[in-house]
Amino acid sequence: MNDKLALPVGTTLDRFIMRKQEDFPFATGELSQLLRDIALAAKIVNREINRAGLIDVTGAYGQQNVQGEEQQKLDVIANIRFIRALRNGGEVCAIISEEEDEIIHTGNLKGKYIVAIDPLDGSSNIDVNVSIGTIFSIYRRVSEVGTEGTMEDCMQNGTHQIAAGYVVYGSSTMLVYTTGHGVNGFTYEPSLGEFFLSHPNMCTPKTGTIYSCNEGGYNSFPEGIKNYLSYCKENGYSGRYIGSLVSDFHRNLIKGGVYIYPSTAKAPNGKLRLLYECNALAFIAEQAGGKASNGKGRIMEMEPTELHQRSPLIIGSAEMVDKVEEFMKAEVKKTEAVTAN
Ligand code: AHG
Ligand code: MN
Ligand code: MN
């Protein structure tokens with residue numbers, strides 16, 4: 001029979017995770033299970049997002065999160081779904097979430113892992129049918145197994161991540177993750193209810209011609225960023241800004257580009273959260289051959305001092321991130337020279 005009549009459907013996420021586990025002879029399978037728990041919650045959240053508009057899940061929830069941001073109903077739903085999946089899975093002893101004031105103890109004292117999560121990223125785009133996402137980081141606990149997870153477990157710098165990923169709920173839904181051995185992307189096939197490997201070994205171009213930045217804050221950007229933006233314009237780059245970090249990052253990862261969220265008058269330390277957003281994407285960017293900086297140094301080496309800490313973020317193609325840093329450092333040098341005189 002003609003083979004084309006029955007082409008294989010491909011590698012499911014579950015099988016891929018299982019196969020990868022065999023690459024680590026001493027792995028016990030807990031991390032694999034944890035990744036599967038996240039994938040399950042992502043499928044449920046995907047279902048809720050797809051039905052938004054038909055059922056009453058759009059709009060504001062009527063409360064603010066700890067960061068003073070208006071929570072959307074889907075922010076709350078996604079938060080509940082991920083926390084429940086992680087709690088039921090049993091591998092995680094503590095969770096920190098953008099939507100929760102404090103550390104969440106799951107009650108799984110034997111769980112070896114900590115998860116940091118932005119359950120729904122890009123919430124201002126929920127009501128208008130524009131791509132949104134989920135971002136997660138996984139750390140191994142430093143406290144003793146058998147006890148409750150601690151703040152110290154949660155406040156590790158990004159170099160300690162053992163896995164990180166994101167889900168983009170877009171024109172198709174994708175899950176992209178790394179365990180520190182490259183980056184792989186999976187596309188959701190809704191009729192089968194499975195993620196299939198669609199983007200093996202993702203590598204980001206060294207450079208590109210896309211810059212992504214909300215230029216509404218331009219007047220209060222650091223001079224170095226303003227100069228870089230002029231450089232982009234002088235060189236005919238394309239400006240592309242969705243306003244959902246995951247989606248902007250995902251596009252730039254594939255096409256080559258740089259995403260910039262600098263400090264502004266409204267957000268003097270930048271807007272994006274180090275533990276829920278910056279670290280995970282920095283790990284993925286680096287694993288794909290890109291870079292992530294706060295303008296002065298590597299995102300993943302920043303020592304967290306508080307759960308909801310923010311940071312400026314410059315992330316994407318390596319040469320473009322280097323260029324932005326160059327512009328920023330040139331400005332610092334100029335200011336130093338002026339103060340010295
Ligand atoms: P969240 O919805 O998780 O609070 O994140 C929103 C973030 C990020 O997704 C996006 O890149 C950025 O906020 C957009 O901010 P501006 O509206 O200031 O551009
Ligand atoms: Mn976010
Ligand atoms: Mn969010």
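The values are calculated or read from the model by the stated rules, or taken from the named source; none is laboratory data. The structure displayed is predicted, hence computed values, not measured ones. Here Cβ is always computed from backbone atoms with ideal geometry, including for glycine, and neighbour counts include all displayed protein chains. Protein only, heavy atoms only, side chains kept; ligands, DNA and RNA dropped before computing areas. Shrake-Rupley method; radii C 1.70, N 1.55, O 1.52, S 1.80 Å.
Identify, from the list Arg84, Arg141, the residue that is out of contact with any Asp or Glu (no Cβ under 7 Å at 6 or more places or on another chain) and more than 16 Å from ligand 3 (Cβ to nearest atom).
Arg84
Show me the helices (runs of 4 or more DSSP H) found entirely inside the range 235-341 where at least 3 residues are at pLDDT below 95.
Those helices (runs of 4 or more DSSP H) span 318-340.
Among the strands (runs of 3 or more DSSP E) lying completely within the range 1-114, list those that include at least 3 residues that are open to solvent by 60 Å² or more (accessible area, probe 1.4 Å) and within 25 Å of His308 (Cβ to Cβ).
60-64
Starting from residues that are touching a helix residue (DSSP H, G or I) at 6+ places or on another chain (Cβ under 9 Å) and not acidic (Asp, Glu), keep the ones in the range 206-216 and report whichever is surrounded by the fewest Cβ atoms within 10 Å (Cβ to Cβ).
Lys206
Condition check: more than 16 Å from ligand 1 (Cβ to nearest atom) and β-branched (Val, Ile, Thr). Does Thr134 satisfy that?
no
If I filter the range 242-252 for residues that are within 14 Å of ligand 1 (Cβ to nearest atom), farther than 17 Å from Asn214 by Cα and open to solvent by 10 Å² or more (accessible area, probe 1.4 Å), do I get at least one hit?
So far as the range 242-252 goes, no, none of its residues is within 14 Å of ligand 1 (Cβ to nearest atom), farther than 17 Å from Asn214 by Cα and open to solvent by 10 Å² or more (accessible area, probe 1.4 Å).
Return a yes/no flag: does the range 140-151 have any residue that is crowded, with 24+ Cβ neighbours inside 10 Å and not in a strand (DSSP E or B).
Scanning the range 140-151, I find at least one residue that is crowded, with 24+ Cβ neighbours inside 10 Å and not in a strand (DSSP E or B), so the answer is yes.
Thr12 passes all but one of (1) of a type in the set (S, T, N, Q); (2) farther than 21 Å from Ser198 by Cα; (3) in contact (Cβ under 8 Å) with a residue 12 or more places away in the chain; which number fails?
(2)
For the range 115-131, name all the residues that are within 12 Å of ligand 1 (Cβ to nearest atom) and either farther than 26 Å from Ser171 by Cβ or in a strand (DSSP E or B) (or both).
Ile117, Asp118, Pro119, Leu120, Asp121
Considering only the range 203-210, I want to know if a residue exists there that is on the phi > 0 side of the Ramachandran plot, under 23 Å from the mean Cα position of the chain (by Cα) and not β-branched (Val, Ile, Thr).
no
Residues in the range 256-278 that are small (Gly, Ala, Ser), open to solvent by less than 10 Å² (accessible area, probe 1.4 Å) and within 11 Å of ligand 1 (Cβ to nearest atom): how many?
1
Please enumerate the residues belonging to the range 171-205 that are surrounded by fewer than 13 Cβ atoms within 10 Å (Cβ to Cβ) and under 22 Å from Ala282 (Cα atoms).
Gly180, His181, Pro200, Asn201
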